[in-house]
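Colleague: My questions all concern the structure below.
The values are calculated or read from the model by the stated rules, or taken from the named source; none is laboratory data. Keep in mind it's a predicted model, so treat the numbers as computed, not measured. Here the Cβ positions follow ideal geometry from the backbone for every residue, glycine too, while neighbour counts run over all protein chains shown.
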Amino acid sequence: MTTIWKTSIAIVLVGSLLACGGGDKPSQPPGASAGAQSPEAGTSVQSPKVEGLITAADLQLGEVDAAMAEKGKITYDVKCQACHSTGANRVVGPGWKGLVTKREPAWIMNMIMNIDVMLESDPEAQKLLEECLVRMPNQNLSKDEAREVLEFMRTL
Amino acid sequence: MNRTLLYSGTSVALAAGVFLLLNSLPGCKPTTTKAAVTGDAATKVYVKPGTHDEFYNFVSGGFSGQLAVYGLPSGRLFREIPVFSVDPESGYGYSEETKGMLMTTYGFIPWDDSHHPELSQSSGVPDGKWCFINGNNTPRIALVDLGTFRTKSIIEIPNSAGNHSSPFTTGNSEYVVAGTRFSVPMGDDASRDVPIKSYKENFKGNVSFIHPDPETGRMSIAFQIATPGVNFDLSHAGKGPSEGWFFFSCYNTEQAYSLMEVNASQRDKDFIMAVNWKLAEQLAKEGKGNKVPGKHYSNWWNEETHSAETTVYEDVLQLDPKDHPGLVYFMPCPKSPHGCDVDPTGKYIVGSGKLAALIPVFSFEKIQKAIATNEMEGDFGGIPVLKYESVLHGEVKKPGLGPLHTEFDANGNAYTSFFVSSEIVKWNVEKLEVMDRVPTYYSIGHLCVPGGDSKQPWGKYVIAYNKITKDRYLPTGPELTQSAQLYSIEGDKMELLLDFPTTGEPHYAQALPAELVKPREVKFFKIDENKHPFVAKGEKETKVERRGKEVHVWMTTIRSHFAPDNIEGVKLGDEVYFHVTNLEQDWDVPHGFAIKGAANAELLVMPGETQTLKWIPTRVGIWPMYCTDFCSALHQEMQGYVRVSPAGSSVPLDAYTVSVDAEM
């Protein structure tokens, strides 16, 4: 296995050691930019500006497109379902029910498509890693596929 | 020199014996291990952490049957590619899908002796697409795909015995060749059941031309050329003016069949065989030649089904040179030639008589002239023999002892390895003058210059692949590590830069710039394109199914769990097939699969791939299974259980994964 894994182990170990150290707040994992605040769970946050990431301006969300959502469901079954339920419960990663009300669509798209950058730079993504302990796999979805998956999430 | 003395005993004894003889020969004396390595050698081979080597070096594993991949100039080992031998680390030869790659007319053959890696070429230059390698013992040629660094295709060579003179390529990899080391009787059972003493009468050689499909890499035999009984050793295609010809070194023109080290070393000259392969190709296309018995397997890895496919051929097209004048000529070449190397211009063919103390260089132009003017000294087995003097460009006099193999740089220089005098000698091809020599540690066999057998050598280094290790490394019991050495050839003088140990016998190797290979790399297999009959595209497709005594499990992996991870209802007497699909779609995330008591190996399943492990439980109870390749922080949690009940048990077959529905 490569350095990616070593990095992830390091993050997890350091994260949990600090957490076990009796701190009453979640500690800041290494790699988080200085001064980044870990916001309250459930609040919607903007990703820090990192070049190449998808922004809200890149996404036009109108009424839910049923055909698009149906395609998203097919991708979900093959590439996402092993870790994400369509309920609110966590399996490996968070359940998808109501997720779009908690997270910005662009943030979701970036978690699907740009996981390495997100885990480097996004405090919310880093916080999730502390909780789930498994780096979200990059399943190499195209932008269209990721967008269809997002549309499927909007139906849940 | 007394040849019989030189070649008796083991190589070590031989080297020691020769050492004494060499003291009287100026310039041939092996130096000690303390030979100078200049102060800046380290900086020339240092590849900073996190940066890449400039060259890939594909090094044969010899009797390991594998192909190893190193970086140059660092000498770092990246991978051993399983080719002719099973590999429990990857499951190659153990998984149900890969077993077919090692099937032959003799059944499943899990080992071979792989000698010569040969990079595929376009316009006479290595193109980074494939690497061929020969299997000596059960004659085969393999094609390794440099997009996946996996064995893509293996073809068995019929009517061959010891596929040594192989698998050298034509300039656009139209063909790779396979010349038989041992001549043997061919044909039906009665024709083959003959006294060994009837060698001269009944034993025949042949060389095969194998065509790899340019798109798929699937191989087939285009034609074979029958020859008199001799031993073929090495070969190389012509290029430039000699394009369309192929040259094969052969020894044992004495046609001996016992105590070969003496009896096959009697004649002053053996042969290099020149074959007009363009003419052979045309004859084959015209339907000339005969279909002769030659049952053989051609195995091919299908990347969509992730499985081997086998085609069985019953016969092979054979051309007899006696029926086709102009197809084959012999050229006398001193004393049991080994190397048979064509320079980058294609004008010269260098023979390396391994018992000779000179290097003959043949001129292609003179060969053509001698053919046109019929300058023959007779025939051998009905094949015309050209006059040595008529085809000779010249001889390099007293270059060293035991020349074996020659490669070239782009500046008109040749580098020849000398086993007996344990050195590399640099000489000028046109002028036939020795320019420099360096000792090797010890007893070099083949050598390699990046691109050094092609039209455009990249030069920069020559690498020695040594036969004897002795004191070069920390000892490891009776068997020492194998060894290679890197020399700079950028200056007038060759300069030793680095020793690096190798895995398996580094028999021969080729190297090319990494930039020709890196862009081809396959990062993962697209799950949407997976056509394996037992694929599970997502956990919804996982299941377990009984088919008589067979239990099939459609299983998936993703960081970090199996689905299903609990299986019940397996009974003693069942054969369980775990069809494991890795749902990951990213680079460098294989998952392993192992189950207690498996009598074969693990599986290592690449992202998007499906592989199958057959498991026959032998006791009642709960059997653990787990992921072997560290995949995430929860890798150690990636495990499951199989319950095995007695034969006749009524436990229903069931498989599941239970989630505790953690809140988020």
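Colleague: If we keep just the residues of the stretch B:581-598 that are β-branched (Val, Ile, Thr) and over 20 Å from residue B:531 (Cβ atoms), which is nearest to the chain's Cα centre (by Cα)?
Modeller: B:589
Colleague: Within the stretch B:366-383, identify whether any single residue is under 25 Å from residue B:221 (Cβ atoms) and not in a strand (DSSP E or B), and answer yes or no.
Modeller: yes
Colleague: Then there is this: Restricting the search to the stretch B:520-530, which residues are farther than 14 Å from residue A:78 by Cβ and more than 10 Å from chain A (Cβ to nearest Cβ)?
Modeller: B:520, B:521, B:522
Colleague: Which one of the conditions (1) surrounded by fewer than 19 Cβ atoms within 10 Å (Cβ to Cβ); (2) modelled with pLDDT of 90 or more; (3) at negative phi does residue A:98 fail to meet, given that it meets all the rest?
Modeller: (3)
Colleague: Taking the stretch B:584-597 as the search range and keeping residues that are buried (at least 24 other Cβ atoms within 10 Å of the Cβ) and touching a residue at least 40 places away in the same chain (Cβ under 8 Å), which one is farthest from the other protein chains (Cβ to nearest Cβ)?
Modeller: Among those that are buried (at least 24 other Cβ atoms within 10 Å of the Cβ) and touching a residue at least 40 places away in the same chain (Cβ under 8 Å), it is B:591.
Colleague: I need the full set of residues from the stretch B:538-555 which are over 24 Å from residue B:571 (Cβ atoms) and either in contact (Cβ under 8 Å) with a residue 60 or more places away in the chain or surrounded by 21 or more Cβ atoms within 10 Å (Cβ to Cβ) (or both), in order please.
Modeller: Correct list: B:538, B:539.
Colleague: Kindly list the number of the only condition in (1) under 29 Å from the mean Cα position of the chain (by Cα); (2) surrounded by 23 or more Cβ atoms within 10 Å (Cβ to Cβ) that fails for residue B:391.
Modeller: (1)
Colleague: Here are some residues: B:626, B:656. Which one is surrounded by fewer than 16 Cβ atoms within 10 Å (Cβ to Cβ) and either modelled with pLDDT under 95 or not β-branched (Val, Ile, Thr) (or both)?
Modeller: That would be B:656, the only listed residue that is surrounded by fewer than 16 Cβ atoms within 10 Å (Cβ to Cβ) and either modelled with pLDDT under 95 or not β-branched (Val, Ile, Thr) (or both).
Colleague: Oh, and also: Based on what the data block shows, is residue B:245 under 25 Å from the mean Cα position of the chain (by Cα) and over 22 Å from residue B:378 (Cα atoms)?
Modeller: Against the criterion (under 25 Å from the mean Cα position of the chain (by Cα) and over 22 Å from residue B:378 (Cα atoms)), residue B:245 does not qualify.
Colleague: To continue, here is another question. Of all residues in the stretch B:265-275 being in contact with a strand residue (DSSP E or B) (Cβ under 6 Å, 6 or more places away or on another chain) and of a type outside the set (Phe, Trp, Tyr), which is farthest from residue B:357 (Cα to Cα)?
Modeller: Step by step, filter the stretch B:265-275, then rank; the result is B:275.
Colleague: So which residues in the stretch B:469-503 are closer than 15 Å to residue B:61 by Cα and crowded, with 18+ Cβ neighbours inside 10 Å?
Modeller: Within the stretch B:469-503, B:482, B:483, B:484, B:500, B:502 meet the criteria.
Colleague: Further, regarding this structure: Among the residues in the stretch B:236-255, are any closer than 19 Å to residue B:280 by Cβ, touching a residue at least 60 places away in the same chain (Cβ under 8 Å), out of contact with any Lys or Arg (no Cβ under 9 Å at 6 or more places or on another chain) and assigned to a loop (DSSP other than H, G, I, E, B)?
Modeller: The answer is yes; a qualifying residue exists.
Colleague: Separate question: For the stretch B:598-616, how many residues are in a loop (DSSP other than H, G, I, E, B) and touching a residue at least 60 places away in the same chain (Cβ under 8 Å)?
Modeller: Total satisfying the criteria: 7.
Colleague: Continuing with this model, one more query. Taking the stretch A:85-140 on its own, how many of its residues are in a loop (DSSP other than H, G, I, E, B), closer than 20 Å to residue A:69 by Cα and more than 8 Å from chain B (Cβ to nearest Cβ)?
Modeller: Count: 6.
Colleague: Name every residue in the stretch B:423-467 that is under 19 Å from residue B:68 (Cβ atoms) and of a type in the set (Ser, Thr, Tyr), in order of residue number.
Modeller: B:461, B:465
Colleague: Is it true that residue B:563 is within 30 Å of residue B:649 (Cβ to Cβ), facing another protein chain (nearest Cβ under 8 Å) and small (Gly, Ala, Ser)?
Modeller: In short, yes.
Colleague: How many of the residues in the stretch B:617-649 are touching a Pro at 6+ places or on another chain (Cβ under 6 Å), away from chain A (no Cβ under 14 Å) and in a loop (DSSP other than H, G, I, E, B)?
Modeller: So the answer is 1.
Colleague: Follow-up question, since we're still on this one. Please verify whether the stretch B:574-583 includes one or more residues that are within 14 Å of another protein chain (Cβ to nearest Cβ) and touching a helix residue (DSSP H, G or I) at 6+ places or on another chain (Cβ under 8 Å).
Modeller: Taking every residue of the stretch B:574-583 in turn, at least one turns out to be within 14 Å of another protein chain (Cβ to nearest Cβ) and touching a helix residue (DSSP H, G or I) at 6+ places or on another chain (Cβ under 8 Å).
Colleague: Quickly run through the stretch A:69-83 and pick out the residues that are more than 10 Å from every other protein chain (Cβ to nearest Cβ) and either among the hydrophobic types (A, V, I, L, M, F, W, C) or surrounded by fewer than 22 Cβ atoms within 10 Å (Cβ to Cβ) (or both).
Modeller: A:69, A:70, A:71, A:73
Colleague: On the given criteria, is residue B:607 within 14 Å of chain A (Cβ to nearest Cβ) and crowded, with 22+ Cβ neighbours inside 10 Å?
Modeller: yes
Colleague: Filter the stretch B:90-110 down to the residues that are of a type in the set (D, E, K, R) and part of a loop (DSSP other than H, G, I, E, B), then identify the one that is surrounded by the fewest Cβ atoms within 10 Å (Cβ to Cβ).
Modeller: Across the stretch B:90-110, the extreme among qualifying residues is B:96.
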